[in-house]
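The values are calculated or read from the model by the stated rules, or taken from the named source; none is laboratory data. Keep in mind the model is a prediction, meaning the values are calculated, not measured. Cβ placement follows ideal geometry from the backbone for every residue including glycine, while neighbour counts extend to all protein chains displayed. Calculation scope for accessible area: heavy atoms of the full protein, side chains included, ligands and nucleic acids excluded. Shrake-Rupley method; radii C 1.70, N 1.55, O 1.52, S 1.80 Å.
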Amino acid sequence: MTTQSGETPLLEVQDLCVSFVQYTSCLRQSTLQVINNLSVSIYPGEIVAVVGSSGSGKSLLAHAVLGILPGNASFSGVISYDGQALSPKRQAELRGREIALIPQSVNYLDPLMRVGKQVQTSVHAGNPRSRQREVFERYQLSPDVDKLFPFQLSGGMARRVLVSTALVSGARLVIADEPTPGLDDAAVAETLDYFRDLADQGCGVMLITHDIEAALKIADRIAVFYAGSTVEIAPVQDFAGEGEALRHPYTKALWRALPQNGFEPMPGSQPLPHELPAGCVFQPRCRQATSECSTERPAMRTVREGMVRCIHAT
Amino acid sequence: MIAFLCKKLLRFATLLIALCVLSFWLVSYSPLDPIQAYVGADMTRVSLEQREAIAEYWGLNKPPVERFLHWGSALVQGDMGTSMIFRRPVADVIGERFMASLALMSMAWLFSGILGFVLGAIAGMKQDTWVDRLMKWYCFTLASTPTFWLGMLMVIVFAVWLGWFPVGLGVPAGVLAEQVTLADRLYHLILPALTLSILGVANVALHTRQKLVDILASDYVLFARARGEKGFLLFWRHGLRNVAIPAITIQFASFSELIGGTVLAEQVFSYPGLGQATVQAGLRSDLPLLLGIVICSALFVFIGNLVADIIYRLVDPRIRKGESA
Ligand code: SF4
């Protein structure tokens, strides 16, 4: 849909909506739409970063793709893998085999199971033991590490173990959910290298993060997540200079808020899922807003090799 | 580990002393006359001199503190005294009664533990389905059922109406002790053991269910699902080992409830175990026996808790490795 228009994308998410059923008082029930009309696609060998502020429901995108949303959630939209729309049954088949999740911390490992064993459970082809050893070798994890329990891992080891779970599975699509929380610069660089490595082997990588600087270092394309949807999908080269190549006012503001680009603060805050404005979700904070902006919600459209959800974007 | 054991033992010793003093003090304020309890109904035929002789013989005429110290010093030397109502050494009475109760309790304990764990695990895996709701309803109903009431119900239904099991006692009536077979004993054991287990199930099952529900909502299970695990495999790999430790722990820590339940169940089924002896000792002011039983049951409960603690330490790598590191 953008750069590699000839190929079929590995993963294509179209108009994804995820909502939760909530009980406000005893019998009153309401639905809360957390993700609305989100679209994103990933090609083999490519890293796409989904960037949005923390706690904005980005993780649900990963869970929706994997089909592991909680019971009180429902979703609509089309998720296709390899050009084929995914049914819940197909999702169950692909989980862990074709699509792998890299979680954010060691808490996602079973506390009572040795890490070597746990990584082995992710192997689907070949001898689990030797496959796991091979991958650990590659990440310089000594044989002693196999026998450790998650709580005994150092931060660096834990990250390599978590990445290993994806690598041994042989998955072609890797979704990394917030993999660099609170890491120092060296650790972030190290983690990002693992993803580049995965992509260079032909995997598609979806990097879900709040850290735009980390995303810019590694991703090929950036999808900007705002108030439950993607407002812009841009090639990473567009994030340059004053941000003149960027399409959406929010992306521009985000770019200019970075320390090296003038540290220009952005007034206001993201609207919560239950108080989205009619029309464009960014309208209350947008300087380019016109009266049309508050009447209808802009659709995603292609502008110069990228996608944007803004009626005035050029 | 050694330090941990010492600390536990020390705490137990202090607890035991406090318990003995308290029981002694309570019984010495009992309105029952131990001499009358000792002699029984024929009180009128006992002269004053005889009364005094009895009191002298059992040391009942001395002040309580002196009696307590006397009893305590004998205990330290390994002598638990003589039971007034059985007229045999307390150690013998307890030994015999304890074995009978042990059979009852271990059967109930094992059965309720296994059944409770399985029920809880199923309910947890099937959270919020009708299976789960049925299980919860069953457990909450049981948790609020008194033991003696359930025991009487069991007797009425299975012993009186259906006639499948004997109404009470530990062995058939009118049969010589040598002729009582193991099958006879088991046959008499089933109904009281069943009563105790049915009640014990609720505790383990509800606990296991709650733990499993928590585990299934955890991050590591979410990740396991993301790796394609589900159903029984998921339970086997991640549910079982994480839920087993708390379940085993709670089962060992429930020895006190087990004893409490046994006392009542034995009473209903006239089962000649420790529980029945406790009631008799209490009602007839048999101080040496009562104190002996108090010590033994406290020891029993203590061992249960200790085993629970030790298992926890041995099985959970976070504690095991954390200590050695
Ligand atoms: S649609 Fe209007 S309000 Fe929304 S981002 Fe574009 S200009 Fe701003």
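Here are the numbers for this structure:
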item	result
Residue ID - surrounded by the fewest Cβ atoms within 10 Å (Cβ to Cβ), chosen from residues in the stretch B:268-295 that are touching a helix residue (DSSP H, G or I) at 6+ places or on another chain (Cβ under 6 Å) and over 19 Å from B:Arg87 (Cα atoms)	B:Val268
Criterion: surrounded by 15 or more Cβ atoms within 10 Å (Cβ to Cβ) and out of contact with any helix residue (DSSP H, G or I) (no Cβ under 6 Å at 6 or more places or on another chain) - qualifying residue of A:Asp177, A:Asp197	A:Asp197
Segments classed as helices (runs of 4 or more DSSP H), wholly inside the stretch B:218-309, with at least 2 members that are in contact (Cβ under 8 Å) with a residue 24 or more places away in the chain and within 11 Å of chain A (Cβ to nearest Cβ)	B:240-253
Where a residue in the stretch A:256-285 is more than 21 Å from A:Pro298 (Cβ to Cβ) and open to solvent by less than 80 Å² (accessible area, probe 1.4 Å) and its partner, wherever it lies, is aliphatic (A, V, I, L, M) and more than 12 Å from the ligand (Cβ to nearest atom), with Cβ under 6 Å and at least six apart	A:Ala257/A:Met266; A:Glu264/A:Ala257
Any chance A:Arg309 is within 11 Å of the ligand (Cβ to nearest atom) and either within 23 Å of the chain's Cα centre (by Cα) or among the charged types (D, E, K, R) (or both)	yes
Within the stretch A:67-90, considering residues that are under 20 Å from the mean Cα position of the chain (by Cα) and within 10 Å of chain B (Cβ to nearest Cβ), the one least open to solvent (accessible area, probe 1.4 Å)	A:Ile68
Some residue of the stretch B:201-217 being among the aliphatic types (A, V, I, L, M), outside any helix (DSSP H, G or I) and over 23 Å from B:Asn305 (Cβ atoms)	yes
Positions within the stretch A:229-248 being free of Cβ contacts under 8 Å to residues at least 60 places away in the same chain and either open to solvent by less than 20 Å² (accessible area, probe 1.4 Å) or under 20 Å from the mean Cα position of the chain (by Cα) (or both), in sequence order	A:Val236, A:Gln237, A:Phe239, A:Gly243, A:Leu246
Matching residues, the stretch A:139-176, being acidic (Asp, Glu) and touching a Phe, Trp or Tyr at 6+ places or on another chain (Cβ under 9 Å)	A:Asp146
Failed item, numbered, when A:Thr251 is tested on (1) under 30 Å from A:Glu296 (Cα atoms); (2) under 20 Å from the mean Cα position of the chain (by Cα); (3) away from the ligand (no atom under 13 Å from the Cβ)	(3)
Verdict on A:Gln201 being of a type in the set (S, T, N, Q), modelled with pLDDT under 90 and within 16 Å of the ligand (Cβ to nearest atom)	no
Meets criteria (over 17 Å from A:Arg131 (Cβ atoms) and touching a residue at least 12 places away in the same chain (Cβ under 8 Å)) for A:Asp200	yes
Residue, farthest from the ligand (Cβ to nearest atom), within the stretch A:262-291, restricted to residues that are at pLDDT 85 or above and more than 27 Å from A:Ser19 (Cβ to Cβ)	A:Ser291
Test result for A:Gly96, facing chain B (nearest Cβ under 10 Å), touching a residue at least 24 places away in the same chain (Cβ under 8 Å) and either charged (D, E, K, R) or open to solvent by less than 30 Å² (accessible area, probe 1.4 Å) (or both)	yes
Output for the stretch A:20-71, where each listed residue is more than 22 Å from A:His210 (Cα to Cα) and among the basic types (Lys, Arg)	A:Arg28
Failed criterion for A:Leu258 (all others in (1) within 18 Å of A:Ala245 (Cβ to Cβ); (2) within 15 Å of the ligand (Cβ to nearest atom); (3) of a type in the set (A, V, I, L, M, F, W, C) hold)	(2)
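Yes/no matrix, rows are residues, columns are (1) modelled with pLDDT of 85 or more; (2) open to solvent by 50 Å² or more (accessible area, probe 1.4 Å); (3) not assigned by TED's automatic domain parsing to the domain that holds B:Ile295:
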residue	(1), (2), (3)
B:Glu96	no, yes, no
B:Met99	no, yes, no
B:Ala103	no, no, no
B:Ser106	yes, yes, no
B:Leu110	yes, yes, no
